[in-house]
There are 2 protein chains.
Amino acid sequence: MPKVGMEPLRRRALIDATISAIGERGSLDVTMSEIAGRAGVSSALAHHYFGAKDELLLATMRHILAELTIDMRRALQSAGSPRERVSAVVAVNFSDIQFQPETIAAWLAFYVEAQKSSALRRLLRVYARRLHSNLMSGLTGILPRSEADRAAEATAAMIDGLYIRRALKDGVPDAATAIALVEDYLEIKLGGRQTQ
Amino acid sequence: MPKVGMEPLRRRALIDATISAIGERGSLDVTMSEIAGRAGVSSALAHHYFGAKDELLLATMRHILAELTIDMRRALQSAGSPRERVSAVVAVNFSDIQFQPETIAAWLAFYVEAQKSSALRRLLRVYARRLHSNLMSGLTGILPRSEADRAAEATAAMIDGLYIRRALKDGVPDAATAIALVEDYLEIKLGGRQTQ
DNA sequence: TTTTTTGTTGATTGACGGATCAATAAAAAA
DNA sequence: TTTTTTATTGATCCGTCAATCAACAAAAAA
């Protein structure tokens, strides 16, 4: 059956399988066999393409980040005013794809793993910085820089916090409620200001 | 060397060792031997007192929760007005003991593990509810109930979010900054209101 | 003193899982 | 056609670790 050009397909299938396996288990200790099985291949093949398990996990995280980046870019393009930019960033973080319990479980698991893996830690910092700067791209049009910075920090923290609470399946059930909470904060924080 | 009455001492030592081991590693996969070693006993003894590893982890989480409860009670007792109560709750969550990277790493790890262990999940829900109701004990004196509820939700989320960011060692370096962010939110949210 | 209870460990078992490797086969290149 | 490259797997090795157990020691009870 071996057809040439399988590599990219297999890599992608393995990454998808990794996401769903992690999402279902709620943690990173899924076996290579489990992942490979879901992707319809043997565990040996997973090792063949990714070397070690760490590499596969890292590649998976990169993939998730890349998708988020794409969504974010699209959302920001169709945002006009600074205020709209801020809301767009918030909305993307709570969009259907990002706010699913599975995806969130994966995020959480990666956060923990980042304590051990410096490569993963670096990746997550990239995400954190990007979220911050995306928020700033709107906020700096409304608040003076230092205040904008603090507002971005607070907003980011609130988003992360709502993610965690979602993972616990306690309180804050849906995306709409989550968005409302963040927007409420933004409204009272930015409401009075003119959009420069 | 065997002296009678060791059980409570050993249990406590093992729990302390568990916390520090988890804190250092940043995740729950520390071995029983590692924990037992830190406590100065053999792994067999850890099993003797706690049965399985799960039990030890659960007991450890219970211990952490219990300490937080004590701190919280003390802080709330010396708070007069509703507004002070809210600030007290915030302050406790960012107190030296609670806001150490080690403790936070442990929290995070337990959050992930909760996906697998229903007993742990139940415990964390208890914590979430308690935080919520502690916040409410102050907020209901300032805002109408439904608004207070939302404010408590937002505040709790922000606290959790700041915890995570601390674990990543990115942004929000110290407790003072974290408190300032939450207090800023509370101020603009509650500032205008009379304390009933 | 003898017996029982409490405390403790070294050694061992058994399972699981990451990683490796030799072997197979189709396709592409020579 | 022969050779090399690409795709793929079953079987296996090896390390780790939770859990168990038999055995020993000190104190308390009988």
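The values are calculated or read from the model by the stated rules, or taken from the named source; none is laboratory data. Every value quoted in this text rests on a predicted model; they were computed, and no experiment measured them. When we count neighbours, we look across all protein chains shown, and the Cβ atoms used for this are built from the backbone with ideal geometry, even at glycine. Just so you know, the surface numbers come from the protein's heavy atoms only, side chains and all, with ligands and any DNA or RNA stripped out. Shrake-Rupley method; radii C 1.70, N 1.55, O 1.52, S 1.80 Å.
Observations
- Anisotropy class of the stretch A:38-130 from Cα gyration tensor, a/c 1.5 cut: prolate
- In terms of its Cα atoms, the stretch A:113-196 spans 44, 30, 14 Å along the principal axes, sorted from long to short.
- Coordinate range along principal axes, alpha carbons of chain A, Å, largest first: 64, 36, 28
- Inter-copy separations for A:Q77, label at 7 Å along Cα-Cβ, nm, ascending: 6.1
- Per residue, in Å², the accessible surface of chain B once ligands and nucleic acids are set aside, probe 1.4 Å: 45
- Using a 7 Å Cα-to-Cβ projection, A:R125 label spacings across copies, nm, ascending: 3.8
- For the protein assembly as shown, the square roots a ≥ b ≥ c of the C-alpha gyration tensor eigenvalues yield an a/c of 1.5 or more together with a/b not exceeding b/c, which makes the shape oblate.
- Contact order normalised by residue count of the stretch B:53-136, Cα under 8 Å, 6+ apart, percent: 32
- Computed on chain A, with alpha-carbon pairs under 8 angstrom and 6+ residues apart, the relative contact order is 21 percent.
- Checked against a 31 Å cut-off, the cross-linked pairs A:K3/B:K116; A:K53/B:K169; A:K116/A:K189; B:K3/B:K116; A:K53/B:K53 give Cα-Cα distances beyond that limit for A:K3/B:K116; A:K116/A:K189; B:K3/B:K116.
- Computed [θ] at 222 nm, deg cm²/dmol, chain A (DSSP H ≥ 4; -39,500 (n - 2.57); rounded to nearest 500): -25000 deg cm²/dmol
- Kyte-Doolittle at least -0.5, axis length at least 24 Å by Cα - qualifying DSSP helices, chain A: A:7-25, A:53-77, A:118-139, A:145-167
- Between A:D184 and A:D71, the contour length at 0.36 nm per residue exceeds the Cα-Cα span by 38.4 nm.
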